[in-house]
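Undergrad: Handing you a structure now.
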Amino acid sequence: MLLFPTLAFLCLLPLLALAAEDFYKILGVAKDADDRQIKKAYRTLSKKYHPDKNPGDETVAQRFVEISEAYDVLSEDETRRIYDQHGHEGIKQHQQGGRPGARHDPFDMFSRFFGGGGHFGGGQRRGPTMEVRISVPLRDFYTGKDHDFKIEKQAICSKCEGSGSKDGQRDTCRKCNGQGMMIQKQQLAPGIFQQMQMQCDMCGGRGSTVKHACPVCQGARVVREEESFELSVEKGIPVGARVTFENEGDDSPDYVAGDLVVQLFEKEPELGSEESERTDGTFFRRKDTNLFWREVLSLREAWMGDWSRNLTHLDGHVVHLHRERGHVVQPGTVEVIHGEGMPVWRHEDGPDFGNLHIEYVVVLPDQMESGMEKDFWATWDKWKKKRVDLGKLSGRPEPKHDEL
Ligand SMILES: [Zn+2]
Ligand SMILES: [Zn+2]
């Protein structure tokens, strides 16, 4: 019975493989992505999948070519329009028809972008890891929520594509002949020389200079920029957890951007402005998968029973607490309610929850109406003879006076 659907599926596979992958998908951008987003995607992916970074890996090399192809088409208005209207077939015809050899060499494209030889020089360097701390309310740890946040970071200047030059032109440095380094001879004593390798001061070790600096970055090739990210706070994720955004750290033409690491913390509880944020749960305290809450009972409630409470949990559902008449709750009693704690993070077989611990605090009345006080006094007086031996209960020596 199962065989037939499997066969049908297998027959479909070659068909699926034939269809070329969508250019927008390859770059991981939306159909309406703007120029800047497309550039950024190319910049990040081309560095990540550069064959120099993954020597000998054929699939990675293939990916690098695909990324370059996708960028080549989507970065120009004309070809992007053709692709949007006629897809891969349209692009193929356009390339065969008008401009033979119009397709760009992926390494050329890479070097145009990063102002280098199309390769990472001397092994590929990686930028520093960037760490930020973000605090979110306990509610978001319970329900799970996506958070938008912004950080300022170093980005490649989009005006000059990281060349630092107004016209995109970089010239070989005259002083060091493009080496970035110079040998300096220093005389230590008559006839004794020491040779030292120094960074070229004219090009700052880069090996090339620009005549006309880019007006946006003043030749620095990078700018400080604010960028938005979306952080997914998963249900039950532990406090202090680190969420990594690969290659989203400070960027530079000289290296592959390091990761951006967000460390999650819990915000101090406060009542929100919206109704859904005004729950008892806001003030639950969390320890791992357990939640803790202190519930206050009056003397009458603790002693005589017959009370109920509705606790609103973090997502708004109600936890009902109650005791029948005659059911005593001793002060300091902790009631454990199973399954009302925090969700277990990434629990494998369906959702699972920790426990909610309720500690009961009993408040004795400071003041009573005088009539009430008299009534109580009379009642106590009447029943005084029926002693409760606190000493025996607590294991202390015999009491010296009456206690009730
Ligand atoms: Zn130089
Ligand atoms: Zn610039």
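Throughout, read-outs are computed from the coordinates displayed, never taken from laboratory work. These figures come from a predicted structure and were not determined experimentally. Here Cβ is always computed from backbone atoms with ideal geometry, including for glycine, and neighbour counts include all displayed protein chains.
Undergrad: For the chain, take the longest principal axis of its alpha carbons; what is the angle in degrees between that and the long axis of helix 35-48, to the nearest 10 within 0 to 90?
TA: 90
Undergrad: Could you tell me the calculated FRET efficiency between His347 and Glu227, based on Cβ-Cβ distance and R0 = 41 angstrom, to the nearest 0.05? Walk me through the numbers on the way to the answer.
TA: On the way: r = 33 Å, r/R0 = 0.80.
Calculated value: 0.80.
Undergrad: So how do 232-238, 348-354 stack up, highest first, on mean other-Cβ count within 10 Å?
TA: Details: 232-238: 17.3, 348-354: 11.1.
So the order, starting with the most tightly packed, is 232-238, 348-354.
Undergrad: OK, next. Against the longest alpha carbon principal axis of the chain, how many degrees, from 0 to 90 and to the nearest 10, is the axis of helix 77-97 turned?
TA: Taking Cα atoms only, the helix is inclined about 40 degrees.
Undergrad: Quick one: of the DSSP bridges fully inside the chain, what percent are antiparallel, nearest 5? List each step's numbers first, then the result.
TA: Values: 42 of 58 bridges.
The antiparallel proportion sits near 70 percent.
Undergrad: I need the peptides 137-147, 322-332 ranked by packing, meaning the mean over residues of other C-beta atoms within 10 angstrom, with the highest value on top. Please report the intermediate quantities before stating the final value.
TA: Numbers: 137-147: 18.5, 322-332: 11.7.
Put in order of decreasing packing, that is 137-147, 322-332.
Undergrad: Let me ask something additional. How much length is gained if the chain between Ala213 and Glu76 is pulled fully straight, taking 0.36 nm per residue apart and subtracting their Cα-Cα distance, in nm to one decimal?
TA: Working: separation 137, 0.36 × 137 = 49.32 nm, distance 2.46 nm.
Between Ala213 and Glu76, full extension yields an extra 46.9 nm.
Undergrad: For the stretch 275-366, how big is Rg over Rh, using alpha carbon atoms and the Kirkwood form of Rh?
TA: Details: Rg = 14.6 Å, Rh = 14.2 Å.
That ratio equals 1.03.
Undergrad: For the stretch 237-335, what is the relative contact order in percent, using Cα pairs closer than 8 Å and at least 6 residues apart in sequence? Walk me through the intermediate numbers first.
TA: On the way: 130 pairs, mean separation 18.0, N = 99.
With pairs under 8 Å counted, the relative contact order is 18 percent.
Undergrad: Pull out the extension gain between Asp375 and Asp167, defined as 0.36 nm times the separation in residues minus the alpha carbon to alpha carbon distance; nm, one decimal. Write down the numbers at each step before the final one.
TA: Values: separation 208, 0.36 × 208 = 74.88 nm, distance 9.65 nm.
That works out to 65.2 nm of additional length.
Undergrad: Can you tell me which of Met109, Met181, Met372 moves the most in a GNM of the chain? Springs connect C-alpha atoms under 10 Å apart.
TA: Met372
Undergrad: With angles folded into 0 to 90 degrees, how steeply does helix 3-18 sit against the dominant principal axis of the chain? Use alpha carbons for both and round to 10.
TA: The angle comes out at about 40 degrees.
Undergrad: When only alpha-carbon atoms are used, what values of Rg and Dmax, in angstrom, describe the chain?
TA: 35.6, 117
Undergrad: For the chain, what relative contact order do you get, as a whole percent, if you take Cα pairs closer than 8 Å and at least 6 residues apart? Please report the intermediate quantities before stating the final value.
TA: Working: 661 pairs, mean separation 51.0, N = 404.
Contact order relative to length: 13 percent.
Undergrad: Additional query: Which order do Thr79, Thr244 fall in if you start with the one that has the fewest other Cβ atoms within 10 Å?
TA: Thr244, Thr79
Undergrad: Going through the cross-link list Lys25/Lys267; Lys47/Lys211; Lys92/Lys150; Lys153/Lys185, which pairs have a Cα-Cα distance over 32 Å in this structure? Please list the in-between numbers first.
TA: Numbers: Lys25/Lys267 37 Å; Lys47/Lys211 27 Å; Lys92/Lys150 40 Å; Lys153/Lys185 40 Å.
From the list (Lys25/Lys267; Lys47/Lys211; Lys92/Lys150; Lys153/Lys185), the Cα-Cα distance tops 32 Å for Lys25/Lys267; Lys92/Lys150; Lys153/Lys185.
Undergrad: Quick query: amide H of Cys173 versus all other amide H atoms, modeled in the peptide plane; which residues come in under 5 Å with a sequence gap of 5 or more or a different chain?
TA: Gly178, Ser208, Thr209
Undergrad: Quick one: 3J(HN,Hα) in Hz for the stretch 368-374, Karplus 6.51/-1.76/1.60 with θ = phi - 60°, rounded, Gly and Pro as x.
TA: Result, ordered by residue: 9, 4, 4, x, 5, 4, 5 Hz.
Undergrad: Considering the stretch 18-114, what Rg and Dmax in Å follow from its alpha-carbon atoms?
TA: 13.1, 37
Undergrad: Okay, moving on. Each residue of the stretch 22-32 in turn: what ³J(HN,Hα) in whole Hz from Karplus with 6.51, -1.76, 1.60 and θ = phi - 60°, glycine and Pro shown as x?
TA: Going residue by residue, I get 4, 4, 5, 5, 4, 7, x, 10, 7, 4, 9 Hz, with x marking Gly and Pro.
Undergrad: Still on this structure: Take the Cβ-Cβ distance between Met198 and Leu364 as r, set R0 to 56 Å, and report the resulting FRET efficiency rounded to the nearest 0.05. Please list the in-between numbers first.
TA: On the way: r = 82 Å, r/R0 = 1.46.
According to the calculation, E is roughly 0.10.
Undergrad: So how do Lys153, Lys159, Lys384 line up by other beta-carbon neighbours within 10 Å, fewest first? List each step's numbers first, then the result.
TA: Working: Lys153 19, Lys159 14, Lys384 10.
Listed from fewest to most nearby Cβ atoms, that is Lys384, Lys159, Lys153.
Undergrad: What nm distance separates the two modelled labels at Ile337 and Asp280, each placed 7 Å from Cα along Cα→Cβ?
TA: 0.6
Undergrad: With θ set to phi - 60°, apply the Karplus curve 6.51 cos²θ - 1.76 cosθ + 1.60 along the stretch 345-355 and write out the HN-Hα couplings as whole Hz, x wherever there is a Gly or Pro.
TA: 4, 6, 5, 6, 9, x, x, 9, 10, x, 10
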